[in-house]
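Working notes for the structure below.
The values are calculated or read from the model by the stated rules, or taken from the named source; none is laboratory data. All figures in this text were calculated on a predicted structure; none of them were measured in a lab. We place every Cβ from the backbone using ideal geometry, glycine too, and count neighbours over all the protein chains shown. These accessible areas exclude ligands, DNA and RNA; they are computed on the full protein's heavy atoms, side chains included. Shrake-Rupley method; radii C 1.70, N 1.55, O 1.52, S 1.80 Å.
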Amino acid sequence: MASVLPASNTSMRSDRNTYVGKSFVHVKNPYLDSMDEDVLYHLDLGTKTHNLPEMFGDVKFVCVGGSPNRMKAFALFMHKELRLTDSEEDIKDICAGTDRYCMYKIGPVLSISHGMGIPSISIMLHELIKLLYHARCSDVTIIRIGTSGGIGIAPGSVVITDEAVDSFFKPRFEQVILDNIVTRSTELDKELAEEIFNCSKEISNFPTLIGHTMCTYDFYEGQGRLDGALCSFSREKGLDYLKRAYNAGIRNIEMESTVFAAMCRLCGLKAAVVCVTLLNRLECDQINSPHDVLVEYQKRPQLLISKFIKQRLGLCDQTS
């Protein structure tokens with residue numbers, strides 16, 4: 001599974017001259033190239049212990065999602081959809097040496113879990129982006145597929161994000177770096193969003209729309225819920241906040257999109273966020289749909305992104 005290098009004192013630095021004028025992943029860190037070794041600790045990978053270009057150099061699509069089980073299921077689904085000849089038993093967790101994240105490679109597709117919330121996904125993204133950089137990957141598309149709370153739309157709807165906004169409805173990500181607040185743009189690739197939306201037109205069994213996605217730091221009070229261990233506002237204020245979000249064009253709420261958009265944009269990755277809604281927050285706070293219904297909902301972004309990937313690969317005429 002893992003391509004491991006023999007012990008060596010030689011650095012795994014790439015030939016950066018090959019990056020000029022090409023759509024390679026890049027990093028915004030002047031110190032990386034002076035490092036003799038880069039240990040991707042939370043992924044259980046490294047530039048001296050693994051041949052990253054050999055293992056990952058052909059990756060064109062990266063799909064990330066919160067749940068390890070869901071991303072394993074997506075990997076198995078993509079294996080079937082791409083009709084690969086190797087056995088499903090050969091699909092192993094590349095990050096099995098750590099319990100932080102899981103990672104599966106299916107042909108040109110990488111499926112990775114990121115946990116819940118901005119801190120967890122940002123750690124994964126730092127190491128994932130460095131992995132793609134060291135592996136000299138080019139023309140990579142990265143998509144977050146997940147779940148969310150809808151605002152004013154039916155449960156089970158799939159939202160393709162055109163703009164990731166913060167809790168003030170602003171398209172920005174504020175990162176505390178040392179003792180400064182650094183603000184970064186959360187602009188996503190609009191052409192990519194439209195391309196995915198066009199793919200959805202061929203899927204008739206669930207609604208898909210393009211809208212703003214609000215990213216919060218919390219699942220409960222930060223999203224205006226009344227059912228957490230703490231609640232410091234009235235029912236009326238919470239509902240008013242959600243209605244104002246709807247009027248601002250926000251159609252769903254989750255906890256990762258702003259940092260995902262900001263980091264991908266800075267590192268030259270075309271990125272999209274595609275999430276299914278599990279409930280309408282204008283009607284309730286708790287997710288109380290039957291388990292089998294929720295499982296089917298969670299498959300919807302996977303189905304859509306599978307169709308998108310197959311179309312990109314020229315396999316759109318194949319049926320599973």
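Numbers below:
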| quantity | calculated |
| --- | --- |
| Accessible heavy-atom area order of 166, 240, highest first, probe of 1.4 Å | 240, 166 |
| Where 170, 307 fall by accessible area, highest first, once all protein chains stay in place (1.4 Å) | 170, 307 |
| For the chain, calculated [θ]222 nm from helices alone, where every DSSP H run of n ≥ 4 adds -39500 (n - 2.57) | -9000 deg cm²/dmol |
| Surrounding net charge for residue 77, when Lys and Arg each add one and Asp and Glu each subtract one, Cβ distance under 11 Å | +2 |
| Region 81-142-region 220-276 distance, computed between alpha-carbon centres (Å) | 25 Å |
| Percent accessible area from carbon and sulfur atoms, the chain, protein chains only, probe 1.4 Å | 51 percent |
| For the chain, built as a Gaussian network whose Cα springs stay under 10 Å, the top-fluctuating residue of 277, 216, 98 | 98 |
| Cα pair count fraction exceeding 25 Å, expressed as % - region 147-312 | 33 percent |
| Tilt relative to the chain, helix 118-134 - C-alpha long axis, 0 to 90 degrees, to 10 | 30 degrees |
| Note, ³J(HN,Hα) from phi for region 268-279, Karplus 6.51, -1.76, 1.60, rounded to Hz, x at Gly and Pro | x, 9, 6, 10, 9, 10, 10, 10, 8, 9, 9, 6 |
| Options 50, 161, 148, ranked by Cα towards positive dipole end of the chain, top entry (Cβ charges) | 161 |
| Order by protection proxy (mean Cβ within 10 Å, highest first), peptides 144-151, 207-214 | 144-151, 207-214 |
| Solvent-accessible area of residue 134 with every protein chain in place, 1.4 Å probe, in Å² to the nearest 10 | 10 Å² |
| Over the chain: Kirkwood hydrodynamic radius from C-alpha pairwise inverse distances, Å | 20.4 Å |
